[in-house]
Amino acid sequence: LQIIFVVLFGEVINSYFSCVYYRRNLIIPEDARFRFTGWKELCVNLGLRGCGFIVYTIVFFLILEIETPVDEIPISMKWVEKEPSFIVLKVNYYLYALAFVMLVWGMPVFTLISVIIRELSHEIKHGMVHASIATKRLQVTFNYNVTSSVSLF
């Protein structure tokens, strides 16, 4: 059950990146760095999904190693069994490996999303010379919504 949560959470982040990257490609000039369209954009998205599924597989096997069986849960934590969904983890080197894998995958994705949002803000303020005021206003609203969504994670 925990792997379902991990996969869904990871795919929400991957989908979020895909949406932000798509919006970036619409605003940024055609000769900008890392502005891929067509099959190159598809490769970026598939590569991100592939990395995600590798991480999910690693996380699945690490959770199998660190999950505490119900009969080994300490008496002081038996209240957890009443919750609809729970996981009790053993503290061992697998737990540290799990944290490392999540950081190695999560930090670059978070950094990329942050850089793209910053780039979009810069382009809206200093670029888009030929865009109308209404278009710029819509882009500012989109950027605000994206930034607000990031703060929810």
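The values are calculated or read from the model by the stated rules, or taken from the named source; none is laboratory data. A quick note: this is a predicted structure, and the numbers were derived from the prediction, not measured. So basically every Cβ, Gly included, is an ideal-geometry build from the backbone, and we count neighbours across all protein chains shown. These accessible areas exclude ligands, DNA and RNA; they are computed on the full protein's heavy atoms, side chains included. Shrake-Rupley method; radii C 1.70, N 1.55, O 1.52, S 1.80 Å.
Using a 1.4 angstrom probe on heavy atoms only, work out the carbon and sulfur share of the accessible area of the chain in %.
Values: 7270 of 10410 Å².
Answer for the chain is 70 percent, counting heavy atoms of protein chains only.
Can you give the three extents of the C-alpha atoms in region 7-115 along their principal axes, from longest to shortest, in whole Å?
62, 25, 21
Between H130 and F100, what FRET efficiency comes out of the Förster formula 1/(1 + (r/R0)^6) with R0 = 35 Å and r the beta carbon distance, rounded to 0.05?
On the way: r = 47 Å, r/R0 = 1.34.
The formula returns an efficiency of 0.15 here.
Suppose we take every Cα in region 71-153 and form the convex hull; what volume per residue is that in Å³?
Taking the convex hull of the Cα positions in region 71-153, it is 126 Å³ per residue.
What list of ³J(HN,Hα) values in whole Hz, one per residue of region 74-89 in order, does the Karplus curve 6.51 cos²θ - 1.76 cosθ + 1.60 (θ = phi - 60°) give from phi, with Gly and Pro shown as x?
Rounded to whole hertz, the list is x, 4, 5, 10, 5, 4, 5, 4, 7, 6, x, 9, 8, 8, 10, 9.
What is the distance, in nm, between label points placed 7 Å from the Cα along the Cα-to-Cβ direction at Y22 and at Y144?
Simple spin-label model gives 2.3 nm for this pair.
Got a number for the accessible area of D31? Probe 1.4 Å, square angstrom, nearest 10.
140 Å²
So which lysines can K82 reach, going by Cα to Cα under 26 Å and dropping same-chain residues fewer than 8 places off?
Reachable lysines: K90.
Which shape class, rounded, prolate or oblate, goes with region 1-47 when its Cα gyration tensor gives a ≥ b ≥ c as root eigenvalues, a/c under 1.5 marks rounded, and past that a/b bigger than b/c marks prolate?
prolate
What number, in nm² with one decimal, is the all-direction average of the projected area of the convex hull of the alpha-carbon atoms of region 89-131?
With the hull built on Cα positions only, its mean projection is 3.9 nm².
Provide the FRET efficiency to the nearest 0.05 for the F36-I3 pair, computing r from the beta carbons and using R0 = 30 Å.
On the way: r = 31 Å, r/R0 = 1.03.
It comes out at approximately 0.45.
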